[in-house]
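The values are calculated or read from the model by the stated rules, or taken from the named source; none is laboratory data. Keep in mind the model is a prediction, meaning the values are calculated, not measured. Quick reminder, even Gly has a Cβ in these numbers, built from the backbone with ideal geometry, and neighbours come from all protein chains shown.
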Amino acid sequence: MTATATPAAETREPRLPLGPMLRMQVAVEQRIFWRNKSGMFFTFILPIALLFTLALSNDPIDMVPFIAALGILSTGFQGLSIQLAMHRDQGVLKRIMATPLPASLLILGKAISTTIVILVEILIVITVGVGLFDAPLPEHPFILLGLVLLGTATFVALGYALASIIPTSESAPAITNAAYLGLLLVTVLIAQVDAIPDWLQDIGTHGLPLRALIESIDHAWMGPWKASDAWSALTLAAWGAIGALWSVRRFRWEPANER
Amino acid sequence: MPEAPPRIAESQPDHGSTDDRVLDSDVVLSVRGLVKQYAGAAEPAVRGIDLELRRGEVLGMLGPNGAGKTTTVEILTGFRERTAGDVQLLGLDPGVRADLRALRRRVGVVLQQTGHLRYLTVRETLEMHAAYYRDARSPAEVLALVGLEDSATKNVRALSGGQQRRLDVGVALVGRPEVVFLDEPTTGFDPAARRRAWDIVGELTSLGTSVVLTTHYMEEAARLADRVVVLAAGRIVGSGTPEEIAHDLQLGTTIRAQLPDDVDAEALPAALRRGFVATGTFELRVEDATRPLAELCSWALERGITLVDLDVRAPSLEDSYLALTDETEPEGST
């Protein structure tokens, strides 16, 4: 930059290298995921272990779509919000915000990387389910794929929303586990307990994101896919929008002890 | 808090100083009347400070903790909104979103409380940052600049504190910034590491980079800065070259000694009496110590008095700094 350039001329800059930026973000996110052994345990070992356990006392055919949905929840929602809280406390997010990388690309990079991990996870669940528990191959594979992508986007958005209410990384595991188990408990209870009136069951079935994800994955996989299942997809999308809006307003990039 | 900070209109050519400095292309940073009042805080953290930085210069911001250094740097780097004042950084305003986007490409920052992804190596970290700029420094070049060649393949989390700080500096240099903000870059360093960091700053300015450096080490400011501002309780209490600051205070030279308890002020030569602080204590501040020192010594020799702990000292930057910050201490700090 020459000393004689006027401020006005200096502000006209070439466009940011958005393509290389996004490629780099996805590559970096992938690297840090595959290098973190404990994250891989929760993403790959735990769901399969859970599948084996649940298959002992339940019809494995019911359990396979359930485990697939749980994988999206634990990776997209729980894992992401813990990672965000840690990176925020370590000042990693603040450091990146001091570069020209747009926040939208940082978020998109994380979402794409999370989607890759979840697709691998779902493939493993399908392989194990079909290979070991005689589950059928997905009846509507493209609808299933679409639901996995939509579900991932929704729970990534909710992961940012959750991270925005986590004060420090120390409290992150407790808060995310409470959110995860709470969502799971409510979802399962509503479907299983007969004493719950029908209208409340309807709200639970069609209104909660996890229930909507489990139901729709189940129907796309095992069939039959009904027109009413589109409502589940809409429910998911609505929760994703709520999560995104909340995050835009509340998400912080800087450590909590800074004003 | 989100309300827009008042700005001086730039479209009025006859309004003196504001436009002069916009036209002066050598001035890369100009701050006028900067104020920061945090919500809920009794006192403003920054109470109207002025700064100016020219191309290739190092501006040292010196001050104790809570003086407002970090708040100022975070406002200038777009991490905080200012309450009032005018800021021009490379002709842009970091408080304006569109300007800040442009500044992110041209300004490097080393802030406090930042970190790097722990599962990446040093080289991978630099490669990641290189992807954010059009004309980035290669990882090899940055590694050489900050002296981390031997740690290139190390995991970030395996670095020592000093090495991590050097990586912080390295990352700030990837985009060939025109201005670099270094917020206490050497806090917690051992003397050898500090000297290496100083060499890096020297190298930066030789490349034409302008630097804003905050520190609470006198020695660091004296060594690196072309000009120093001393901050205390959110105000500038002194500014100039390191030498000027020491001189402007006119601290003079201090002669100190212990006197026998039976000596009172009357016993001293007339010219030295005002140095009698209390029984047994002599402390005299003078412009030129030659004559008073000779008088004191010959008086003591005549009486057969031994001057215990005789001490003659010229002012150091340390003294200037303490004198400047002491004056404002009763006001408290943030």
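Given B:238, B:188, B:208, which one is surrounded by 15 or more Cβ atoms within 10 Å (Cβ to Cβ) and not assigned by TED's automatic domain parsing to the domain that holds residue B:289?
One residue alone meets the criteria, B:238.
Can you tell me how many residues within the stretch B:130-157 are closer than 17 Å to residue B:185 by Cβ and either within 10 Å of chain A (Cβ to nearest Cβ) or of a type in the set (Gly, Ala, Ser) (or both)?
1
Find the helices (runs of 4 or more DSSP H) located wholly in the stretch B:221-334 whose residues include 3 or more that are at pLDDT below 85, and list them.
Fully inside the stretch B:221-334 and qualifying: B:242-248, B:317-328.
Looking at this structure, is residue B:98 farther than 30 Å from residue B:237 by Cβ and surrounded by fewer than 19 Cβ atoms within 10 Å (Cβ to Cβ)?
So residue B:98 passes the test.
Among the candidates A:182, A:204, single out the residue that is under 17 Å from the mean Cα position of the chain (by Cα), free of Cβ contacts under 8 Å to residues at least 40 places away in the same chain, over 28 Å from residue A:108 (Cβ atoms) and assigned to a helix (DSSP H, G or I).
Going through A:182, A:204 in turn, just one is under 17 Å from the mean Cα position of the chain (by Cα), free of Cβ contacts under 8 Å to residues at least 40 places away in the same chain, over 28 Å from residue A:108 (Cβ atoms) and assigned to a helix (DSSP H, G or I): A:182.
So which of A:90, A:78, A:83 is touching a helix residue (DSSP H, G or I) at 6+ places or on another chain (Cβ under 7 Å) and either facing chain B (nearest Cβ under 9 Å) or among the polar types (S, T, N, Q) (or both)?
Result of the check over A:90, A:78, A:83: A:78.
What single numbered condition from (1) in a strand (DSSP E or B); (2) more than 10 Å from chain A (Cβ to nearest Cβ) fails to hold for residue B:109?
All conditions pass for residue B:109, except number (2).
Can you spot a residue in the stretch A:140-160 that is within 14 Å of chain B (Cβ to nearest Cβ) and assigned to a helix (DSSP H, G or I)?
Looking through the stretch A:140-160, none of the residues is within 14 Å of chain B (Cβ to nearest Cβ) and assigned to a helix (DSSP H, G or I).
Would you say residue B:160 is more than 7 Å from every other protein chain (Cβ to nearest Cβ) and under 29 Å from residue A:40 (Cα atoms)?
Taking the combined requirement at face value, the residue satisfies it.
For the stretch A:103-156, enumerate the residues that are out of contact with any helix residue (DSSP H, G or I) (no Cβ under 7 Å at 6 or more places or on another chain), among the hydroxyl-bearing types (Ser, Thr, Tyr) and more than 22 Å from residue A:253 (Cβ to Cβ).
A:127
Could you check, for the stretch A:110-124, whether at least one of its residues is over 30 Å from residue B:157 (Cβ atoms) and without any contact (Cβ under 8 Å) to a residue 60 or more places away in the chain?
Checked the stretch A:110-124: at least one residue is over 30 Å from residue B:157 (Cβ atoms) and without any contact (Cβ under 8 Å) to a residue 60 or more places away in the chain.
When the stretch B:117-129 is examined, which residues are found to be surrounded by fewer than 24 Cβ atoms within 10 Å (Cβ to Cβ) and either among the hydrophobic types (A, V, I, L, M, F, W, C) or within 8 Å of chain A (Cβ to nearest Cβ) (or both)?
B:117, B:118, B:119, B:120, B:124, B:127
When only residues in the stretch B:46-69 that are within 14 Å of chain A (Cβ to nearest Cβ) and crowded, with 24+ Cβ neighbours inside 10 Å count, which is farthest from residue B:227 (Cα to Cα)?
Looking at the filtered set, the residue picked out is B:46.
Take the residues in the stretch A:21-63 that are acidic (Asp, Glu) and under 23 Å from residue A:217 (Cβ atoms), then tell me which one is nearest to the other protein chains (Cβ to nearest Cβ).
A:62
Would the stretch B:62-83 turn up any residue that is in contact with a His (Cβ under 6 Å, 6 or more places away or on another chain), farther than 25 Å from residue B:241 by Cβ and in the same structural domain as residue B:196 (by TED's automatic domain parsing)?
No, every residue in the stretch B:62-83 fails to be in contact with a His (Cβ under 6 Å, 6 or more places away or on another chain), farther than 25 Å from residue B:241 by Cβ and in the same structural domain as residue B:196 (by TED's automatic domain parsing).
Among the numbered criteria (1) closer than 21 Å to residue A:163 by Cα; (2) buried (at least 24 other Cβ atoms within 10 Å of the Cβ); (3) not hydroxyl-bearing (Ser, Thr, Tyr), which single criterion is violated by residue A:91?
With (1) closer than 21 Å to residue A:163 by Cα; (2) buried (at least 24 other Cβ atoms within 10 Å of the Cβ); (3) not hydroxyl-bearing (Ser, Thr, Tyr) applied to residue A:91, the lone miss is (2).
Taking the condition modelled with pLDDT of 95 or more and not hydroxyl-bearing (Ser, Thr, Tyr), does residue B:89 pass?
Against the criterion (modelled with pLDDT of 95 or more and not hydroxyl-bearing (Ser, Thr, Tyr)), residue B:89 qualifies.
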